[in-house]
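**Student:** Here's a structure for you.
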Amino acid sequence: MALPDSLLRSLGEVVGASGVLTEPADVIPFGFDGTAALRQRPGGVVFPRTTDQVVKCVRAALDHGVPTVTRGSGTGLSGGSVAGTDSLVLCLAQMDAIAEVDARNLTIRAQPGVITQKIDEAASRHGLFYPPDPGSMRVSTIGGNVAENSGGLRGLKYGVTRDYVMGLEVVLADGRIARLGNKCVKDVAGYSLKDLFVGSEGTLGIITEVLLKLLPRPAARRTMLATYGRIEDAAETVSAIIAARIIPCTLEFLDRVTIRCVEEYAHVGLPTDCEAVLLMETDGHPAAVADEATRMEAIARERGAREVRAARDEAEAMTLAAARRSAFSALARQRPTTILEDVTVPRSELASMVAFVARTAAAHGLQIGTFGHMGDGNLHPTFLTDERDASEMARVHLALDAIVGRTLELGGTITGEHGVGLAKKAWLRKQLGDDSYELLRQIKQTLDPRGLLNPGKIFD
Ligand SMILES: Cc1cc2nc3c(=O)[nH]c(=O)nc-3n(C[C@H](O)[C@H](O)[C@H](O)COP(=O)(O)OP(=O)(O)OC[C@H]3O[C@@H](n4cnc5c(N)ncnc54)[C@H](O)[C@@H]3O)c2cc1C
């Protein structure tokens with residue numbers, strides 16, 4: 001279904017004709033994100049550059065009863081920015097200005113299309129630090145990160161995107177502008193509405209500006225790689241480190257399948273003859289870093305690590321982190337279809353969950369590589385499969401169901417950081433229960449009564 005000509009004309013008047021795409025070849029790249037087997041073709045794509053233009057585009061779409069799907073870089077892993085022919089994609093990638101780094105208040109103010117890594121780079125020029133570092137940080141936008149409440153490799157110590165959002169400017173479904181939060185460290189005036197928009201996946205409003213908290217840059221950091229002959233030992237190391245009251249900034253896990261793929265792809269010298277590795281990083285005051293690194297190494301060895309290797313210098317530390325960040329891309333080269341799961345369990349249940357994933361893969365004759373933010377209890381069992389093979393896909397769905405079901409039995413969540421989108425909505429009611437699920441629906445109904453903001457995501 002094509003978008004009405006009168007809408008396209010109105011949009012052209014707002015952003016200029018070159019800022020509106022409708023040709024199939026032009027819009028196809030905006031019909032999918034990083035989620036396998038979820039592809040559609042949007043009716044059109046518009047590229048606003050200012051909040052005022054966003055307001056005008058939203059009002060024009062509203063006047064025509066056309067749904068809008070907000071999009072950053074399209075790296076999402078739950079189908080959140082997938083849009084159909086009846087929808088207009090509002091791509092905010094060109095709203096990419098950093099308005100201010102306020103070193104006195106430790107804040108940064110930016111448009112939503114700024115690439116995540118650029119936020120930290122801008123902060124670092126002032127000796128400051130923006131910790132959330134999703135694996136996609138070189139491509140994802142800060143607006144997408146806020147909309148998904150993204151986590152990252154440093155989440156264990158520093159938390160997730162929500163922990164850094166001090167203020168938001170949001171264009172509401174009817175085109176009004178809400179300005180929520182401010183530079184005050186404390187503020188309890190009214191409901192914390194900004195928190196409602198963090199993780200709202202484009203279903204409640206369009207984030208047009210973010211105000212983020214910054215921290216002083218840590219003075220020192222130490223990166224280590226522990227190698228294991230048994231996956232369970234790696235999981236137990238994580239639990240033991242936490243139990244020893246150490247909070248490293250990073251505890252990342254890669255299983256054998258993932259290690260081999262990453263090594264083949266990135267050639268960083270990962271040991272390919274082991275069952276698992278843990279990438280461990282501690283940062284902060286040099287004395288504290290030295291002490292924590294020594295204790296973490298000892299714990300890893302006690303729990304059965306075959307080897308614990310410390311990065312010689314900053315360059316090697318960056319290489320190891322980059323290797324971990326490449327896990328998804330490395331796995332995706334193996335088979336035509338890559339389905340990345342995002343289950344999270346209480347950390348005490350990690351060993352049991354990792355073993356369950358391995359058993360499930362064997363039981364269904366599937367190839368699953370598992371990696372993830374183990375310190376957060378967040379695992380990414382990744383199915384290497386082929387969507388053209390119906391019988392294999394049927395087994396994938398059975399295995400997925402089993403893994404998500406087991407996650408809920410263990411007190412976990414169906415998504416730790418990638419969001420519900422299209423991919424996880426079938427399980428949301430089961431996790432929340434009827435009353436909480438209906439409360440979420442009421443909020444959506446109140447803020448978007450006509451259901452025109454990213455329809456079909458989170459809820460049916
Ligand atoms: C290789 C790889 C590694 C990844 N690693 C991580 C990781 O470590 N941690 C993690 O949490 N995620 C990770 N992701 C997932 C993804 O990068 C994040 O969800 C990211 O925040 C999406 O940003 P984006 O700009 O690409 O958003 P998009 O994919 O374009 O959009 C994502 C969702 O946000 C909404 N949205 C986007 N911008 C706005 C806005 N301005 N206002 C309102 N709604 C908006 C969209 O409608 C959609 O629902 C990874 C993805 C890849 C491909």
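**Student:** Compute the helix-to-body angle for 390-409: its Cα long axis versus the longest principal axis of the chain, expressed 0 to 90° and rounded to tens.
**Tutor:** It works out to around 80 degrees.
**Student:** Rounded, prolate or oblate, given the Cα gyration tensor of the stretch 1-100, with a/c below 1.5 counting as rounded?
**Tutor:** Values: a/c = 1.82, a/b = 1.14, b/c = 1.60.
Note, shape of the stretch 1-100 comes out oblate.
**Student:** What does the charge add up to near GLY43, with Lys and Arg as +1, Asp and Glu as -1, over the other residues with Cβ less than 14 Å from its Cβ? Intermediate results must be reported in sequence, preceding the final value.
**Tutor:** Details: positive: ARG41, ARG71; negative: ASP5, GLU23, ASP26, ASP86.
Once all neighbours under 14 Å are counted, the net charge is -2.
**Student:** Sorting check: for 41-53, 213-225, which peptide has the highest mean count of neighbouring beta carbons within 10 Å, and how do the rest follow?
**Tutor:** Values: 41-53: 20.8, 213-225: 18.5.
My ranking of the peptides, most packed first, is 41-53, 213-225.
**Student:** Continuing with the same structure: How big is the chain by Rg and Dmax over its Cα atoms, in Å?
**Tutor:** That works out to 22.2, 69 Å for Rg and Dmax.
**Student:** About the Cα centre of the chain, what is the dipole size in debye to 20, counting +1 per Lys and Arg Cβ and -1 per Asp and Glu Cβ, all else neutral? All intermediate terms of the calculation are to be shown ahead of the outcome.
**Tutor:** Values: 51 positive and 57 negative charges, 103 e Å.
Value, rounded to 20: 500 debye.
**Student:** Sticking with this one: Can you list which of the trypsin sites (Lys or Arg not before Pro) found in the stretch 84-131 are DSSP loop residues with at most 12 other C-beta atoms within 10 Å? Let's see the in-between values first.
**Tutor:** Working: sites: ARG104, ARG109, LYS118, ARG125; in loops: ARG104, ARG125.
Here the trypsin sites (Lys or Arg not before Pro) that fit, given the DSSP loop and packing criteria, are ARG104, ARG125.
**Student:** On C-alpha positions alone, give me the angle between the axis of helix 314-325 and the longest principal axis of the chain, in degrees, nearest 10.
**Tutor:** Tilt relative to the chain: about 60 degrees.
**Student:** Mind checking which aspartates and glutamates have their C-alpha under 15 Å from LYS157, skipping anything on the same chain fewer than 8 residues away?
**Tutor:** Of all the aspartates and glutamates, those that pass the test against LYS157 - Cα under 15 Å, at least 8 places apart if same chain - are ASP133, GLU252, GLU281, ASP283, GLU292, ASP376.
**Student:** So how do 79-89, 316-326 stack up, highest first, on mean other-Cβ count within 10 Å?
**Tutor:** Values: 79-89: 23.9, 316-326: 19.0.
Final packing ranking: 79-89, 316-326.
**Student:** Using only Cα atoms, locate the centre of the stretch 109-133 and the centre of the stretch 142-213, then give the distance between them in Å, rounded to an integer.
**Tutor:** One Cα centre to the other: 15 Å.
**Student:** Quick one: accessible area per residue over the stretch 266-370, 1.4 Å probe, rounded to a whole number of Å²?
**Tutor:** Details: 4610 Å² over 105 residues.
With all protein chains present, the stretch 266-370 gives 44 Å² per residue.
**Student:** Once a ≥ b ≥ c are taken as the square roots of the eigenvalues of the Cα gyration tensor of the stretch 207-308, is the result rounded (a/c under 1.5), prolate (a/b larger than b/c) or oblate (a/b not larger than b/c)?
**Tutor:** Values: a/c = 2.03, a/b = 1.31, b/c = 1.55.
Verdict is oblate for the stretch 207-308.
**Student:** Still on this structure, please answer the following. Specify the angular offset, from 0 to 90 degrees and rounded to the nearest 10, of the alpha carbon long axis of helix 434-447 from the longest principal axis of the alpha carbons in the chain.
**Tutor:** 40
**Student:** Count charges around GLU169 for me, please; just the other residues with Cβ under 11 Å from its Cβ, Lys/Arg as +1, Asp/Glu as -1.
**Tutor:** On the way: positive: ARG109, ARG179, LYS194; negative: GLU209.
So the environment of GLU169 carries a net charge of +2.
**Student:** With a cut-off of 8 Å between alpha carbons and a minimum separation of six or more residues, what is the relative contact order of the stretch 1-125 in percent? Let's see the in-between values first.
**Tutor:** Numbers: 235 pairs, mean separation 30.9, N = 125.
About 25 percent, as a whole number.
The values are calculated or read from the model by the stated rules, or taken from the named source; none is laboratory data. Keep in mind the model is a prediction, meaning the values are calculated, not measured. A quick note on method: Cβ atoms are made from the backbone with ideal geometry, for glycine too, and the neighbour counts reach across all protein chains shown. What goes into the accessible areas is simple: the full protein's heavy atoms, side chains included, and nothing from ligands, DNA or RNA. Shrake-Rupley method; radii C 1.70, N 1.55, O 1.52, S 1.80 Å.
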